[in-house]
1. D for the chain, whole µm²/s, Stokes-Einstein with Kirkwood Rh over alpha-carbon pairs at 4 °C and 1.567 mPa s: what number?
2. Taking springs between alpha-carbon atoms closer than 10 angstrom, which of ALA106, ALA89, ALA290 fluctuates most in the Gaussian network model of the chain?
3. If the cut-off is a Cα-Cα distance under 19 Å, which lysines reach LYS261, setting aside same-chain residues fewer than 8 apart in sequence?
4. Note down the magnitude of the dipole of the chain about its Cα centre, charges +1 on Lys and Arg C-beta and -1 on Asp and Glu C-beta and zero elsewhere, to the nearest 20 debye.
5. Across the range 153-158, in residue order, what do the Karplus-derived ³J(HN,Hα) couplings come to in whole Hz, using 6.51 cos²θ - 1.76 cosθ + 1.60 with θ = phi - 60° and x for Gly and Pro?
6. Taking all pairs of different Cα atoms in the range 44-146, averaging 1/r and flipping that mean, what Kirkwood radius in angstroms comes out?
7. Multiply the residue gap between SER151 and ALA266 by 0.36 nm, knock off their C-alpha separation, and tell me the result in nm, one decimal place.
8. In 5 Å bins starting at zero, report the fraction of Cα pairs in the range 154-307 per bin as a rounded %.
Amino acid sequence: MKPEANLTGLFVPLVTPFTDDLRLAPDALACLAHEALSAGAHGLVALGTTAEAATLTTEEKQAVVRICSAACRAHGAPLIVGVGTNDTASAIMTLRELAQSGDVTAALVPAPPYTRPGEAGALAHFTALAEHGGLPLVVYDIPYRTGQSLSTSTLNALAQLPEVVGVKYATGAIDAATMELLGSSTTGFAVLGGDDAVISPLLAAGARGGILASANVRTADYAELISLWRRDATGPARELGAELAQLSAALFAEPNPTVIKGVLHARGRIPSPAVRLPLLAASADSVRRAADLATARTQQAHQGAAA
């Protein structure tokens, strides 16, 4: 029997705020976590790609998980933590450490990046993590980052493992394989969208929710989009989905999370737009375009109320 992971709705993979001199800004992170959950996010993701996890020290990673855990406890929300490595043994150790805290609902784990072990190797990797890690797993299927594709048959095989509770589906396409996966419907296995710009059609096709970096901005609207599709409110869902797709495209105009951090800083929500190398801060033009779209619906709502 699968563990109860409650993977439905919006999960926000939080950025990691830094100061201008690239130190962790814990108070800003805590504010972002509480704001996201108060705005309608069902849960949070810590140490994802959006968090620049690869550049964080062990101590910083522990601090990020601790801060996000506290926020999720306060809101009664699930916490997913990213565990990205191409070393199966070290991934198992990290999973066991997270499991001991008791505050982590699941781990978000990509196919082994760079190594590209093939479908059989990826299946063996996830099977070992499921059997020995002690924590429910959300498979992160993102071939353009890992260089490793996961077929529908592999994902369905993983879905049968008791500890595999979902997939963050970010293959860059909605195609026949997507529809086959969504039609498989294994009990206790959630398909969560991970390509922000196409989250609306994926929800329309049956995804349970999304792990969406763009939801660091306009969290309430992304939560509403998921709710609209789940209520079969197709007209409003299509309208909002089309608008948010434009925002997502603007937020990903430069490498993630550089534009998102620029917008959050422009809004006074984080102390600096700083990112760590090898990332470079987003251009002023990209931030300006995204910031305009980030406020578009609010302005339209105010204009409608005034009329």
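Read-outs throughout are calculated quantities, based only on the coordinates presented, and are distinct from any laboratory measurement. In this text the structure is predicted, and so the values were computed from the model without any measurement. In this analysis, Cβ positions are derived from the backbone assuming ideal geometry, glycine residues included, and neighbour counts consider all displayed protein chains.
1. Once the numbers are plugged in, D ends up at 67 µm²/s.
2. For the chain, modelled as a Gaussian network with Cα springs under 10 Å, the answer is ALA89.
3. LYS61
4. Roughly 300 debye, rounded to the nearest 20.
5. Taking θ as phi minus 60°, the curve returns 5, 5, 5, 5, 5, 5 Hz for the range 153-158.
6. After inverting the pairwise mean of 1/r, the radius is 13.9 Å.
7. 37.3 nm
8. Histogram of Cα-Cα distances, whole percents per bin: 2, 9, 17, 18, 17, 14, 11, 8, 4, 1, 0, 0.
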